[in-house]
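J.: Got a structure for you, written out below as structure tokens; questions coming shortly.
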Amino acid sequence: MSDLKQQLLSIKDEFDAKVLNITNSQEADALRVAYLGKKGELTGVLRGMGSLSPEERPVIGQVANEVRAHMEEELTTKIAAIKEAEKQEKLKNEVIDVTLPSKIRRAGARHPMYQAINEICDIFLGLGYTIGEGPEVEYDEYNFEKLRLPKGHPARDTQDTFYISENILLRTQTSPMQIRIMENNKPPIKVVCPGKVYRQDTMDSTHSPIFHQIEGLVVDKGVTMGDLVGSLKLFAKKLFGEETEIRLRPHHFPFTEPSCEVDLTCWSCGGKGCRVCKGEGWIEVLGAGMVHPEVLENCGIDSEVYSGFAFGIGVERTAMGRFGIDDIRLLYENDVRFLKQFK
Ligand code: PHE
């Protein structure tokens, strides 16, 4: 047997051994290049055919063709097998297990402070009040002047705020809503107005420079302090339970006369005295009073015919009591671990 034939057959054996170990299409391509490519093993041998005798040439030529055909067939079969295996593998990985439990979609929840606002407003809605809202950027005239707090009044000192201009500021209370409502409505008036208010203050566990109030206003013929007390009692009992009582302490607000601060039985100890109420048994929740006749007149309401009461509820404090929250800052940090507890 000629050298060349011998060489061809050993190349074939070598190829056959290698083709068995192929595991992917890249390896198949590399093997094709190594044996059948321009610089491949088989091509190299065929170059040497020029030196063969005319008798030998067709014999070797035939062997060479057989070897090439064999290699191509092997490679084709192998590639088809690999492709099929790769497809099966992919299908296996993409299998969808329809019996797996689905991802849980967690619904959000209303912020505890807005839950408290809604609860409080609902109580007053039940008493026949409507709900009003007004701007946080307010006229000095509405926030102070028409509420009998002229420029330079000492009571302004405790309610410092941002001034947008000389006469426009961030409201320090929801009481300007009293003016807005009375200027635009004729009695009988029965309304609650929730909203944000702003005051210069240092943040600590019970203070925040931005907080919420709910203003209440009732104006009609023959409204008395008794009506105010009755309404607030009902509100306290509905929000914190039947055993809850209210306590009025005389106070001063320029826009109400008489004025009072209103305490509720401590929601933590029920009145015995504890850490939450600092041993008092009572917690201050709102300011209130009979609308000052001058304020009625400032809004074009005849104070000889009509009277009214107003109150301002501190929302944060009420929400903290309602939900047992001991630091006001928790209400503003929006930490999901905190908020999750109020679903
Ligand atoms: N606006 C007062 C405050 O912020 C509360 C208040 C409202 C008092 C209505 C009387 C009547 O302190």
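The values are calculated or read from the model by the stated rules, or taken from the named source; none is laboratory data. Keep in mind it's a predicted model, so treat the numbers as computed, not measured. When we count neighbours, we look across all protein chains shown, and the Cβ atoms used for this are built from the backbone with ideal geometry, even at glycine. All accessible areas refer to the heavy atoms of the entire protein, side chains included, with ligands and DNA or RNA removed. Shrake-Rupley method; radii C 1.70, N 1.55, O 1.52, S 1.80 Å.
J.: Any idea which of ILE214, ILE210 is open to solvent by 30 Å² or more (accessible area, probe 1.4 Å), of a type in the set (A, V, I, L, M) and within 33 Å of the chain's Cα centre (by Cα)? Step through it out loud before you land on a result.
T.: Working: ILE214 fails: open to solvent by 30 Å² or more (accessible area, probe 1.4 Å).
Just one listed residue meets the conditions, ILE210.
J.: Continuing with this model, one more query. Go through segment 286-343 and count every residue that is more than 25 Å from HIS252 (Cβ to Cβ), open to solvent by 20 Å² or more (accessible area, probe 1.4 Å), touching a residue at least 24 places away in the same chain (Cβ under 8 Å) and over 19 Å from the mean Cα position of the chain (by Cα).
T.: So the answer is 7.
J.: Within segment 17-32, work out how many residues are assigned to a helix (DSSP H, G or I) and under 14 Å from ILE79 (Cα atoms).
T.: Pass one, segment 17-32, residues assigned to a helix (DSSP H, G or I): 17-20, 25-32.
From what's left, under 14 Å from ILE79 (Cα atoms): 18-20, 25-32.
Of the residues in segment 17-32, 11 are assigned to a helix (DSSP H, G or I) and under 14 Å from ILE79 (Cα atoms).
J.: May I pose another question? As an exercise: evaluate SER231 against (1) out of contact with any strand residue (DSSP E or B) (no Cβ under 7 Å at 6 or more places or on another chain); (2) more than 22 Å from ARG171 (Cβ to Cβ); (3) without any contact (Cβ under 8 Å) to a residue 60 or more places away in the chain; (4) within 16 Å of the ligand (Cβ to nearest atom) and give the number of the one condition it does not meet.
T.: Here SER231 meets the rest and fails (3).
J.: Separate question: With the condition being within 16 Å of the ligand (Cβ to nearest atom), I'd like the helices (runs of 4 or more DSSP H) fully within segment 235-343 carrying at least 1 qualifying residues.
T.: Numbers: elements: 293-298, 315-323, 330-333, 336-339.
Those helices (runs of 4 or more DSSP H) span 293-298, 315-323.
J.: State all residues of segment 21-78 that are surrounded by fewer than 17 Cβ atoms within 10 Å (Cβ to Cβ) and β-branched (Val, Ile, Thr); if no residue qualifies, say none.
T.: Listed by number, the residues that qualify are THR23, VAL33, THR43, VAL59, THR76, THR77.
J.: Could you please give the count of residues in segment 187-204 that are in contact with a Lys or Arg (Cβ under 7 Å, 6 or more places away or on another chain) and open to solvent by 10 Å² or more (accessible area, probe 1.4 Å)?
T.: Going through segment 187-204, the residues in contact with a Lys or Arg (Cβ under 7 Å, 6 or more places away or on another chain) turn out to be 197-198, 203.
Pick out the ones that are also open to solvent by 10 Å² or more (accessible area, probe 1.4 Å) and you get 198, 203.
Of the residues in that region, 2 qualify.
J.: Might you let me know whether segment 256-270 holds any residue that is modelled with pLDDT under 95, under 33 Å from the mean Cα position of the chain (by Cα), of a type in the set (Ser, Thr, Tyr) and surrounded by fewer than 20 Cβ atoms within 10 Å (Cβ to Cβ)?
T.: yes
J.: Hey, LEU228 hits all of (1) open to solvent by 20 Å² or more (accessible area, probe 1.4 Å); (2) within 30 Å of LYS272 (Cβ to Cβ) but one; which does it fall short on?
T.: Result: LEU228 passes all but (1).
J.: For the subset of segment 207-228 comprising residues that are part of a loop (DSSP other than H, G, I, E, B) and on the phi < 0 side of the Ramachandran plot, which member is farthest from the ligand (Cβ to nearest atom)?
T.: Applying the filter and picking the extreme gives LYS221.
J.: Another question about this same structure. Just need a number here: residues in segment 154-179 that are within 14 Å of the ligand (Cβ to nearest atom) and open to solvent by 40 Å² or more (accessible area, probe 1.4 Å). Talk me through it step by step, then tell me what you get.
T.: At the first step, the residues of segment 154-179 found to be within 14 Å of the ligand (Cβ to nearest atom) are 155-161, 170-179.
Checking the rest, the ones that are also open to solvent by 40 Å² or more (accessible area, probe 1.4 Å) come to 157-158, 160.
Residues flagged as within 14 Å of the ligand (Cβ to nearest atom) and open to solvent by 40 Å² or more (accessible area, probe 1.4 Å) within segment 154-179 amount to 3.
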